[in-house]
1. Under the classification rounded if a/c is under 1.5, otherwise prolate if a/b is larger than b/c and oblate if not, where does the stretch 289-383 fall, given a ≥ b ≥ c as square roots of the Cα gyration tensor eigenvalues?
2. Run the simple label-point estimate for A196 and M82 please: 7 Å along Cα→C-beta, distance reported in nm.
3. Could you calculate the contour length gain from L349 to E28, that is, 0.36 nm times the residue separation minus the distance between their Cα atoms, to one decimal place in nm?
4. Is any residue of the stretch 352-384 close enough, with backbone N under 20 Å, to a label point placed 7 angstrom from the Cα of A287 along the Cα-Cβ axis, and if so, which?
5. With a point put 7 Å past each Cα toward its Cβ, work out how far D116 is from D89 in nm, to one decimal.
6. Listed here are the pairs K137/K369; K315/K371; K4/K354; K115/K143; K18/K115; which of them are more than 18 Å apart at the Cα?
Amino acid sequence: MTDKIPVTVITGYLGAGKTTLLNRILTEQHGRRYAVIVNEFGEIGIDNDLVVGADEEVFEMNNGCICCTVRGDLIRIIEGLMRRRGKFDAIIVETTGLADPAPVAQTFFVDADVKDAASLDAVVTVADAKWLSDRLKDAPEAKTQIAFADVVILNKTDLVSPEALEEVEARIRGINPYATLHRAVKANVPLDAVLARNAFDLDRILEIEPSFLTVEEHDHDHHHGHAHHERDHDCGPGCDNPEHHRHDHAHDHHDHDHGHECGPDCGHDHHPHDHDGHGHLKAIHDAEMQSISLRHPGEVDPERFVPWLNELVQKEGPDILRCKGIVAFKNEPRRFVFQGVHMILDGDLQREWKDGEERESRLVFIGRKLKEDLIRNGFETVVS
Ligand SMILES: Nc1nc2c(ncn2[C@@H]2O[C@H](COP(=O)(O)OP(=O)(O)OP(=O)(O)O)[C@@H](O)[C@H]2O)c(=O)[nH]1
């Protein structure tokens, strides 16, 4: 993974502050050179003109919906960039506000040339503190973008009251308890909160944020399971499987989060005023999006685990937005680390387990209407 160019994908709903964040990145003195890929919804390259920074190269993808064209376009642009290696240190992709981040993220797992040259560093989602709660009700893209995030920048905090801010934060947590969340005004986050995160390197995340993969509300018990070794469903760049290009909107237009607008009198756990004892609001559970974490203390048989995982993501992939895991394989000194987007999985053996480190397996699935029993029971069976 070492000499691959890190790629940061910036997503977020229309007007949330993506360009503001990008400009901040490009104008700050960080000594790094970025190649920027901007996707726009529409014909005219306005964003390009708004992006400042003389040294950066900006490539536009004006082919309309990123969901449909992203693979080809992105692959072509990245391949072009690779011919100029050495001229930049990292790549930033700013997606349109209406984009499903899945095809963008998948590009870095699927195309062999891209995969060899670049690695997805993190998906950063910019959220508008004032409007996100409303968009979560009527815009499935907004929810998907939150679910996808490794890092959430909760921007425009100057426009809301502290209470409203707590509430929107709790909503974000309800959708994606795993992302790192930063509050911001004009996207004023420290750049190392956004860049060079290596967010997909779970080892690193766990070192920085030991609680990652630990979700109180969902971590019902320590499920046994082995996670493991797998080499993905690499469909290849020519894959035409419509499921792999699925527009999640298709099934979501009527999702309006019924059932979770409990109001101030609600006594449920997801109530905004429900603190966890540490001054933090608990997650407000989302009716539609959920996350499941699985844990198995001990080793896992890759011969059983890998086929299970492959089959699971193949069948349930349309509903699984993201999955990640670290697995202890039997007779394997190294940790197996995987991540996936819908039905595309990628994984490899990374560093060795350290002396004294507990060999355990941890998996996380984030998605829409996940079949929790099926996933938990399947994992139990595989690791038993
Ligand atoms: N009050 C306030 N306004 C902000 C903040 N951050 C950005 N804005 C403004 O919000 C508007 C949209 O910001 P952009 O950075 O263009 O948002 P975007 O996500 O790139 O927008 P699209 O490209 O349309 O999706 C601009 O007018 C910004 O100046 C903030 O923290 N507070």
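Here, each number is a calculation from the coordinates, and none is a lab measurement. Every value quoted in this text rests on a predicted model; they were computed, and no experiment measured them. Reconstructed Cβ throughout: ideal geometry from the backbone, glycine too, with neighbour counts over all protein chains shown.
1. On the way: a/c = 1.91, a/b = 1.74, b/c = 1.10.
Taking the square roots of the gyration eigenvalues as a ≥ b ≥ c, the stretch 289-383 is prolate.
2. Once both label points are built, they end up 2.4 nm from each other.
3. Working: separation 321, 0.36 × 321 = 115.56 nm, distance 3.57 nm.
This chain segment gains 112.0 nm when fully extended.
4. Output list for this probe position: 367-372.
5. Placing both labels 7 Å along Cα→Cβ, they lie 2.6 nm apart.
6. Correct reply: K4/K354; K115/K143; K18/K115.
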